[in-house]
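One structure is given below, encoded as structure tokens.
What follows draws every value from the coordinates through simple rules; no lab data is involved. Because the structure is a prediction, the values reported are computed rather than measured. Cβ sites come from the backbone with ideal geometry, for glycine too, and all protein chains shown count toward neighbours.
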Amino acid sequence: KDHNRQLWSGMNVTAAELARWRSQAHGLARTCYHMYARSPTGVGPEFVRLKPEMEMEDKEDLTYPARGAHYLLRPEAVESLYYLHYFTGDPRYRVWGAAMLQAILTHCKTDVAFAALEAVTEVPPKRLDQMESFWTAETLKYFFMLFAQPTHPDAASGPQTGWLDLSKWVLTTEAHPFPILQNFSRAPFV
């Protein structure tokens, strides 16, 4: 399980309204959350090794290989939590996101920026003199969207939670919102 694949849980929940997709999406997101929660720092590594025959509560089912124990401030885990919370309204995704953000603030924040970590398995972790552009372009944006308040009172009861209505907007791979145009002939760039 690597950090880039964590986006699959968010993609699954948007793929269909079917209960089996939501269940699978939740299971994937739960695994992503455990990648963070079980590390000594509470920050998720680039990848872990999983023993598929084990249950997630079994401490032996997830290990942190040395070559994958670094953290680069990636957005995929919180991006998935955002989509899951958006489409389900389930507060657990905000709880998980808050724990992840607190660990990142504790271990990655410097006096002037945020730093990648050499190994999430060491406390305190060694900070790297590196901050990828996706930290500000995506990761922080998804944390903001995850915790944003509903735009109207009815929004808290399920889909369309937060400040952005995904039936009217689409997010690019860099989390930039673009309006979904209903009439392309009136689009200013056509």
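Under a 5 Å amide H cut-off, with hydrogens placed 1.01 Å from N, Val170 pairs with Phe178, Ile180 among residues at least 5 apart or on other chains. Residue by residue, the stretch 115-129 carries 3J(HN,Hα) couplings of 10, 5, 10, 5, 8, 6, 8, 10, 10, x, x, 7, 7, 9, 7 Hz when phi is fed to the Karplus relation 6.51 cos²θ - 1.76 cosθ + 1.60 (θ = phi - 60°); x denotes Gly or Pro. Please say if the stretch 36-153 is rounded, prolate or oblate, where rounded means a/c under 1.5 for a ≥ b ≥ c the square roots of the C-alpha gyration tensor eigenvalues, and otherwise the choice is prolate for a/b larger than b/c and oblate otherwise? Oblate, since a/c reaches 1.5 and b/c is not below a/b.
Restricting the stretch 98-154 to trypsin sites (Lys or Arg not before Pro) that sit in a DSSP loop and have at most 16 other Cβ atoms within 10 Å of their own Cβ leaves Lys126. Taken one residue at a time, the phi angles of the stretch 168-179 give Karplus couplings (6.51, -1.76, 1.60, θ = phi - 60°) of 10, 10, 10, 9, 6, 5, 9, 6, 8, x, 10, x Hz. Gly and Pro are set to x.
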